[in-house]
Each structure stands twice: as structure tokens, then as C-alpha cells.
Amino acid sequence: MSGYEDLKKNLFGGNASASRQFGMIFTLVAIILLFQILTDGLTLTSGNLIAVVSQYSYILILAIGMLMVIVAGHIDLSVGSVAAFVGIIVAKAMKEFDLPWPLAILLGLVCGALIGAWQGFWVAYIGVPAFIVTLAGMLLFRGGNQFIGNADTVPVPEGFRAIGAGYLPEVGPSTGYNNLTLLLGLAACVAVAWREWSARRTRLEMGAEPSPLWISGIRLAIMVGVIIFATLRFAGGRVGTSFPVSGIILGALVLLYSFYTRNTVGGRHIYAVGGNARAAELSGVKLKRVNFFVMTNMGVLAALAGMIFVARSAASGPQDGLSWELDAIAAVFIGGAAVSGGLGTISGSIVGGLVMALLNNGLQLMGVGVDLVQIIKGLVLLLAVALDVYNKSQGRFSVIGSITRPFRRDEPAPTAAPTGSPSDSDKAPAVS
């Protein structure tokens, strides 16, 4: 195998999903460089990067939950309305009942869990398709938001705003940078190096051949270089700003859910259900339990995203959450998830979300109108799916090709077996 093939196969993984993510990472880099040139260097300034994380963290949080819903073979159209509904409940509880903001956050998470459980019950135990359940939920909770809030704006207290508009505080000696952000970046570098070393050691212990050492070195150098660059940017912003608290919450959720989906039985069951629900059920997977869990979990994350947005906006309003579900779904599909379920990763969804976020941010920096921004974002989503179709035409793995295969007329039809003897007649039809 040539050095190029080694690099292509092992740099970010050798399966179809990882290859798709590899392409999306380069797409993300290309978008950043393009807008860095077109905006005269504004894209990678400290202030803009901090603003991107602060402005889009709630969409990326939604994408985490949406990834698990889509992998299980469902869709959730209600997340924006659920976020707005929980946001108004929390804001009202703090304003009218003087509920302390930590308890208000807990109240919001409980409300999100109850809403998710309500929708999960209809999906998992009654058998109503998730599309219909969440479409009804979108209408129900949007109306609930306007009913409870009287279509008014409800402000939230200063302490609550920290989860959406807060930053890592300034501590320690004066270094010209935010010291906690520097420590966070250092911890991320150490974690990446440890993960690379641990992965090589595990493969050796299992008797499998690890990636060539030079590829591991390139992969580690790229990731550490990106982390160092980002750390200096976030730590070197104007005084009073640094890495956003909402970004810390997002990072913790990415680590938690990545571990859950990749390293636990429950996470593997979600992929099994999305890949083939009937086969998974026959293998002992509790199908109803998995479907109930992913819908309930989505409700919790939607509630968290709604509270972060309200905290950043300093108030809850009737327009909160509009079209959030579309942004979250787009992030998941652009990040490599399959329409039919069973395929996709948390990291891929985050990359897809960042592609949409930086595309939106770059167009805004250029002064492009909202109408054209929507058109361009729609074309990007279409092109992401078209890439999958192109892979199929080139003989590569294609999710969409596998979905549409039974409906294609150019597929050879099955032929019946000869019926010369009773034993022959009992055989299954042969497929040519």
C-alpha cells in the first residue's frame, strides 16, 4: 500500500463514515480559509471565534441529541418549540416565583425530560411515527410558549445569564492571556496525545496492526496544532472575554455522548436499532426502551439548548427556537449521518454543525442578506447528499444508494427456482 493510501485510510479512520467526516473536515478548513480571505482576516480573529462558539453552541447541543434520534431511525421536528417552551417556563419561574437560578436550570431539565418522555411514549409504546409525534409537538409546544408568555418577552436574572453569555474568569498572574483558557488548551493537548498512544497500545494488545507511526505523528501534530492555535485565539481576546461557558458545556457533552455511543452497550444498541430494528430485537435489544431513551434524551438536550439561548439573549421571547430543528438536522446529515439510520457519529455532527455555523458567520461578515444566506445553506445541504450519490456512481459505499436499491428498475429481478420435485419447491427463490 502506498503512502498516500496509508494516509487516506488511517489518518481519520478507514470506514465509510470516517471517510465522509474526513472530507467534511477539509470542507470546514476550506470554508474557513475562503472567508478568511474574503473578509480580510476577520473570520479567525479572537472576537469572531468567541462569537461563533457563543452564538451556535445551542445548535450544536441540539445536533448531539438529533444524531442519536436519526441514528435510531427517527426524526424530531419539535426541538425548537420544546426549547422555547422550556425557556419561557424557566424565565417565568425566576421572575414571578423568585426561583433561584440553579433550581430554575434543574426545573428546565426536568421539564425537558418529561416532554421527551411524553413523545417517547407515543413513539416507542404506541407506535406512532416520530415524524407525526414531533410535528404535533412542534405545534403544541410552540402554542404553549405563546400561551404561557402571552407572546411577551420575559427577562432573566444576571446569575442565570452566565450559562449562555459567561466566559472563563480571569485568575492567576497577568500573562496577556486568559490563564484558564490556556490551561484548558493544555489539557486538550494532553488528552489528544494520551488518546493516540492509548489507541496504538490497545491495537497492539489485541494483536491488530496499528497505523504506521508516521501517520500517528501527522495526525497528532495536526490536532495539537489546531488546539494550540484555537487556544491562543480564545485566550487572547479582549479583556473580559475568553472561552465561553456555553462552549465548556458543549465540550463536556461531546465527550460524554461520544463515550456513550462508542463504548457502551446502550450506545451500540442505538446503532443496532437504526441499522436493522427487527434483527436487533431478535438479538435481544429492547427496541421500545431504546426508542424511548433517544426521544427523552432529545427533550433534555432541547431544554438545555433553550436555556442557554435564553441566558445569552437575557430574555425569553415568542420567536425563540424558530427553525432550530432544521439547523440541527442539517448539521447531522452534513456530518455524515445516514437518512435511514444506523450510521453517524457525534464528532461528525459537530463538524457538520461548524460547517453551517462558519458558513453563516462568513456570509454575515461579508454583508450577504438573510435571503441569500438561506439559499446558500440549502444548497450546501443538497450538495452534501449529492456527494453520497456521487460516491455510489463511483462504486463506493452510498447510504442513499442502498436505500433506493429496492425501487430501482435496473436491478435484476429475482427468478423462481425450478419446481421439478417437492424438495425443490420448498427452496427460497434464487436471486441472479
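Taking label positions 7 Å along the Cα-Cβ direction at both R238 and D40, the computed distance is 1.8 nm, reported to one decimal. The H on the amide N of A315, modeled in the peptide plane, is under 5 Å from the matching H of V156, each at least 5 residues off or on a different chain. Extending 7 Å from the Cα toward the beta-carbon at both E158 and R200 defines two label points whose distance is 5.1 nm. For region 54-70, putting each phi into the Karplus relation 6.51 cos²θ - 1.76 cosθ + 1.60 with θ = phi - 60° gives couplings of 5, 7, 10, 4, 5, 5, 5, 5, 4, 5, 4, x, 5, 4, 5, 5, 5 Hz, in residue order, rounded to whole numbers and with x for Gly and Pro.
The distance separating the Cα centre of region 184-208 from that of region 126-172 comes to 38 Å.
Taking the 1.4 Å solvent-accessible surface of region 162-315 as the whole, the part contributed by carbon and sulfur is 68%. Note on region 259-321 and region 47-94: Cα centroid distance 12 Å, given to the nearest whole angstrom. Across M223, M298, the residue with the most accessible area heads the list, and the full order at a 1.4 Å probe is M223, M298. What region 125-250 shows is 58 Å² of accessible area per residue, with the surface traced by a 1.4 Å probe over protein heavy atoms. C189 contributes about 20 Å² of solvent-accessible surface, heavy atoms of the protein only, 1.4 Å probe. Counting only protein heavy atoms and a probe of 1.4 Å, the accessible surface of region 48-147 is 77% carbon and sulfur. In order along region 226-238, phi translates into HN-Hα couplings of 5, 5, 5, 4, 5, 4, 5, 5, 5, 7, x, x, 4 Hz, rounded to whole numbers, per the Karplus curve 6.51 cos²θ - 1.76 cosθ + 1.60 with θ = phi - 60° and x for Gly and Pro.
Amide hydrogen proximity for Y167: with H placed 1.01 Å from N in the peptide plane, the residues at 5 or more positions away or on another chain lying under 5 Å are V245.
The values are calculated or read from the model by the stated rules, or taken from the named source; none is laboratory data. Note that the structure is a prediction, hence the values are computed from the model and not measured. Cβ coordinates were reconstructed from backbone atoms using ideal geometry, including for glycine residues, and neighbour counts include every protein chain displayed. Surface areas here come from the heavy atoms of the whole protein model, side chains and all, with no ligands, DNA or RNA. Shrake-Rupley method; radii C 1.70, N 1.55, O 1.52, S 1.80 Å.
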